[in-house]
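Step one of this worksheet: look at the structure below.
The values are calculated or read from the model by the stated rules, or taken from the named source; none is laboratory data. As the structure is a computational prediction, the values presented were derived from the model and not from experiment. Here the Cβ positions follow ideal geometry from the backbone for every residue, glycine too, while neighbour counts run over all protein chains shown.
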Amino acid sequence: MIGRYTRKEIGEVWSQQRKLECWLEVELAATEAWAEEGVVPAEAAAAARANAAFTVEAVNERERVTDHDVAAFVDVVAQSVGEHGRWIHYGLTSSDVLDTALALQLRQAGEIVLASARAYRDALIERALEQRETLCVGRTHGVHAEPTTFGLRLAGFAFEADRNLARLEHAFEQLRFGKLSGAVGTYASVPPAVEARVMERLGLQREDVATQVVPRDRHAALTSGIAIAGAGLERFATEVRNLQRTEVREVEEPFGAGQKGSSAMPHKRNPIRTERITGLARVLRGYAQTGLENIALWHERDISHSGAERVILPDATIGLDYMLSLATGVAAEMTVRAERMRENLELTHGALFSQRALTALVESGLTRDDAYGVVQKNAQRAWDSGTHFRELLGEAAPELDLDAIFDHSAYLGHVPAIFERLEALRD
């Protein structure tokens, strides 16, 4: 991921330095496991632990000769150990190191991403509770429907964020698997006992059947979960973008001191954060597709997944972390214009009370079809002419209790029950 969208902590997880450190953790754990099995001399394992070292530059230079990244790394580390360096990578194949080390990196990335996902969910919960009574119009098909509250709208995003958090937790958890079972997974060159010792040291589980690699359905579950989470962020971002339009102006993104919305038009305050989230969500969906295509490898493995994963796994986790950070800031700091919301409720001149009028007419004795005709005709007249629907309905059906029909609070009687669910989510 480009530096513009990379936060420091997760960027370090995917640095070349950290990747090679994870490789070294696996190599040293394997050497020590072999020593405990009595195959590698104990002094060799101790020497490896004490002296093994590398630099990224040295590995890169060696790779220019070997044209194989793991072989280059093993050469550099073995040389640093000295006489006992010959035991580094003993019995292993490259994927034993690569996939097990990748699990370590994904575990670290997961801790960061999950913390960001929790922060986003919690920010939505707090703003939803704060705005639980802020009356606004609900929209379906982009058209005014019936009154709701802005807090209730945010509560929906909060519950979605919680579901995405659960999906991500599961996706990262099922990636805590490594393998040290050799070239085609038969343990011909490294016994299960060594694998078991290594996984225990590293805090991972062993893959039951690994072929030469850990099956890629695990990684596809992560990229898919990330894409779904990204789509949820996009849904929130799209809502904010729509509500920030000049004609609506019910909500605005945070706008910092000194920030400029346009190089040409100084009056502009554009929803750049939520637009950025929207664009990056498209990238995450592309990575999910690649993750799915990586599942089907030839026989015990090929490397068609390898080059793609070097891009999509770092970028997907880095991108989602960045998007979550943006969305958390928007949720926590956006400006909510409650008065504008009340003004917009009146744009249809009371026509949004049509369902309550329909119900009242049915209760008064009209058939539903006749009642619908009366309400539709007058509601559309109100909207088109600017005459308030209450006035027109009073003329068409003077027997109705207009105060009861045109009462915003009537739409909100059961909303507290929903916020009880939200309070439970916070607990």
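Key figures for this structure:
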| quantity | calculated |
| --- | --- |
| Pair list, Cβ < 8 Å and 6+ apart or interchain, from segment 1-29 residues that are among the small types (Gly, Ala, Ser) to residues that are surrounded by fewer than 15 Cβ atoms within 10 Å (Cβ to Cβ) and part of a helix (DSSP H, G or I) | Gly11/Gly3 |
| Yes/no for Ala119 being surrounded by fewer than 21 Cβ atoms within 10 Å (Cβ to Cβ) and within 22 Å of Asp162 (Cβ to Cβ) | yes |
| In segment 364-374, residue farthest from Gly394 (Cα to Cα) [restricted to those that are assigned to a helix (DSSP H, G or I) and touching a helix residue (DSSP H, G or I) at 6+ places or on another chain (Cβ under 9 Å)] | Arg368 |
| Number of the condition not met by Pro192 [criteria: (1) loosely packed, with under 15 Cβ neighbours inside 10 Å; (2) touching a helix residue (DSSP H, G or I) at 6+ places or on another chain (Cβ under 8 Å); (3) not charged (D, E, K, R)] | (2) |
| Contacts under 7 angstrom Cβ, first residue in segment 191-210 being in contact (Cβ under 8 Å) with a residue 12 or more places away in the chain, partner part of a loop (DSSP other than H, G, I, E, B) and small (Gly, Ala, Ser), 6 or more apart | Glu195/Ser181; Val209/Gly185; Ala210/Ser181; Ala210/Gly185 |
| Count of residues meeting criterion [crowded, with 19+ Cβ neighbours inside 10 Å and assigned to a helix (DSSP H, G or I)] in segment 123-149 | 5 |
| Only listed residue being in the same structural domain as Gly279 (by TED's automatic domain parsing), at pLDDT 95 or above, among the charged types (D, E, K, R) and over 14 Å from the mean Cα position of the chain (by Cα), chosen from Arg197, Arg235 | Arg197 |
| Of the criteria (1) in contact (Cβ under 8 Å) with a residue 60 or more places away in the chain; (2) over 26 Å from Gly142 (Cβ atoms); (3) in a loop (DSSP other than H, G, I, E, B), which one Pro254 fails | (2) |
| Failed item, numbered, when Arg310 is tested on (1) farther than 30 Å from Val184 by Cβ; (2) in a helix (DSSP H, G or I); (3) of a type outside the set (A, V, I, L, M) | (1) |
| Cross-chain or 6+ apart pairs with Cβ under 9 Å, segment 297-314 first and exposed (fewer than 14 other Cβ atoms within 10 Å of the Cβ), then hydroxyl-bearing (Ser, Thr, Tyr) and not in a helix (DSSP H, G or I) | His299/Thr211 |
| Enumeration of residues in segment 197-219 that are crowded, with 22+ Cβ neighbours inside 10 Å and among the small types (Gly, Ala, Ser) | Ala210 |
| Elements of type helices (runs of 4 or more DSSP H) in segment 1-72, at least 1 residues being surrounded by 15 or more Cβ atoms within 10 Å (Cβ to Cβ) and among the basic types (Lys, Arg) | 16-36, 56-66 |
| Selection count where residues are small (Gly, Ala, Ser) and in a helix (DSSP H, G or I), scope segment 258-307 | 8 |
| Qualifying residue in segment 218-229 (condition: touching a residue at least 24 places away in the same chain (Cβ under 8 Å) and out of contact with any helix residue (DSSP H, G or I) (no Cβ under 8 Å at 6 or more places or on another chain)) | yes |
| Check on Ile88, buried (at least 24 other Cβ atoms within 10 Å of the Cβ) and modelled with pLDDT of 95 or more | yes |
